[in-house]
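These notes are about the structure you will find just below.
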Amino acid sequence: APPAPPPAPPPRQLPKLDGQYAASRSVAEVFALHAARGAAGPDAFGAMLVRLGKARTDEKPGLRKDERFSRLLEELGGRLKRDRDHFGPALLGNVTMALGKIGVGADAYGPAAPPEAGSAIEQATLRAVAAAATPQVDAFMATELATLAFAFSQTGGPESLLDAIVASALKRFNQFGAREIANLLWALFNTGRGPGTENHPKELWDKAVDFAAKHPEKLVERYAGRILWACAGGDSGGGASTHAALFDGVCGRANRDDCARWTPTAVSLACRAVAVGGHRDDGLVKKFAAHYEARAPQYFPEALVDAAWALATYGGHGDVVDKALKALDYSRLADQRERPAGSKPGESLARLAGVLAAIPGPALSSLEQWAGAVAKGAPAMGPDAIAKAAGFAADFGARPVVDGRLRAAGADGDAWPVPPELSKALAQAATDRRAACDGPTRRTLKAALVRAGAGDLLRADFDAEPAP
């Protein structure tokens, strides 16, 4: 008798819906899957948002303006109100982190800005997430609580949530490790709760800094950069002297580590923190400079600007800074699609001017490329960045150009002419931001633009209170 046929293979089982969302290869696939199958359970809905949080750089600018994304945010807000018990600490933390990566709630201007209705939906969604998280902060594990704090430092959140996070962290501080502490301090600093601020949680901050200074062995890469940046005082700087033990411990650990394995983002952030904090560690900064030289193609434009600014500010690495300026993709920088967490629109364009101002005799070609990048990127720049760029343009316009390089003010030679397209772009961007700025900000913008020779491009009542 002929052998019996082999048994039929079992029907192919599709992966769970949350797994299908996680495996989606693009934002378009995520939306197509949601249109076909929805996301009935909280796990699937959370997986969908987490996958959107991993959108490619070229996908993110349009995501916040997509009506389908706005509808998902509205759905999330509704679910949180109806089924709050189904959204536990881990899911809430992951969802909030995804929203932060997408840029929900963050400042955006010009082509990158969501429509007014979409922005209102974003704020309503963040309030719903905060309302769901606040009553259960004590149920969050230390890692989850630090993740929640870090995520809301990117999206912005109500003071009540931040107060609850601080109180919960203080009650069970012994559950936190060095990495959770790094994320927590980063979040506190970026939500306006660093030293010297009105709502500074001094007891928690001091305990966290003391613990991190004594246990720096796990503070490497991004964790080292985050805690150093927070304790350096951000762009205001000077914090290394008041956190000397922390800087000595973390930088000493980093100096013993093989920094060649660090990511470009981690190196640029840590190097900036060392420079602005006023800490001196020539050996470590030399390693950071060597990291850039060895891995320059892997630095995206914003990280390259940060590294160049840090090395120029620290001093002694002019050759590396010069190489960075020559390698910089000014067009990509102007697009501002790769902004690091916590940075503001246009900040890297303004910081690049700081690099040119810090080095002796920057090449005219670098200056002209910077001016072109600012003119292109101005529609998406924030008020602070516009004012800084205009101020630097005014300073550069007072310096002569000799042998293809910008020389110090007072030297012989014809002054660098501020390009008309730069003045026009900055004035137009400032005018577009006028209604959203308070009085002091409008006056700062006007003063900077007048110095840059763009005052006659502003409306006569630019610094007056806008009509309601």
Practice item. As a check on your grasp of the helix formula, calculate [θ] at 222 nm for the chain: sum -39500 (n - 2.57) over DSSP H runs of n ≥ 4, divide by the residue count, round to the nearest 500. Key: -19000 deg cm²/dmol
Exercise for review: Could you rank the peptides 406-414, 376-384 by their average count of other C-beta atoms within 10 Å per residue, with the highest value first?
Suggested key: 376-384, 406-414
Review point. In degrees from 0 to 90, rounded to the nearest 10, what is the angle of the helix 420-433 Cα long axis to the longest principal axis of the chain?
Key: 50
Check your understanding: Can you give the relative contact order of the stretch 400-445 as a percent, counting alpha carbon pairs under 8 Å and 6+ residues apart?
Key -> 24
Study note, to complete from the structure: Rg from C-alpha atoms of the stretch 66-198, normalised by the globular rule of thumb 2.2 N^0.38 Å, equals 1.05
Check your understanding: Under a point-charge model restricted to the Cβ atoms of Lys and Arg (+1) and Asp and Glu (-1), what is the dipole moment magnitude of the chain relative to its Cα centre, in debye to the nearest 20?
Key -> 820
Check your understanding: If you place +1 on the Cβ of every Lys and Arg and -1 on the Cβ of every Asp and Glu, how big does the dipole about the Cα centre of the stretch 192-343 come out, in debye to the nearest 20?
Key -> 240
Revision key, fill the gap. Computed over the stretch 156-314, protein heavy atoms only, probe 1.4 angstrom, the accessible area per residue in square angstrom equals 40
Practice item. Take the alpha carbon gyration tensor of the stretch 302-344, find the square roots of its eigenvalues, order them as a ≥ b ≥ c, and report rounded if a/c is under 1.5; if not, report prolate when a/b exceeds b/c, else oblate. Key: oblate
Point to revise | Where Rh is the Kirkwood radius over Cα pairs, Rg/Rh for the stretch 1-130 | key: 1.16
Revision key, fill the gap. Whole-percent carbon and sulfur contribution to the accessible surface of the stretch 211-313 (1.4 Å, no ligands, DNA or RNA) stands at 51
Check your understanding: For the stretch 151-237, with equal point scatterers placed on the C-alpha atoms only and solvent neglected, what are the log10 I(q)/I(0) values from the Debye formula at q = 0.16 1/Å, to two decimals?
Key -> -0.57
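The values are calculated or read from the model by the stated rules, or taken from the named source; none is laboratory data. Model, not experiment: these values are computed from the prediction. A quick note on method: Cβ atoms are made from the backbone with ideal geometry, for glycine too, and the neighbour counts reach across all protein chains shown. Each accessible area value is taken on the protein alone, full model and side chains, heavy atoms only, with ligands, DNA and RNA left out. Shrake-Rupley method; radii C 1.70, N 1.55, O 1.52, S 1.80 Å.
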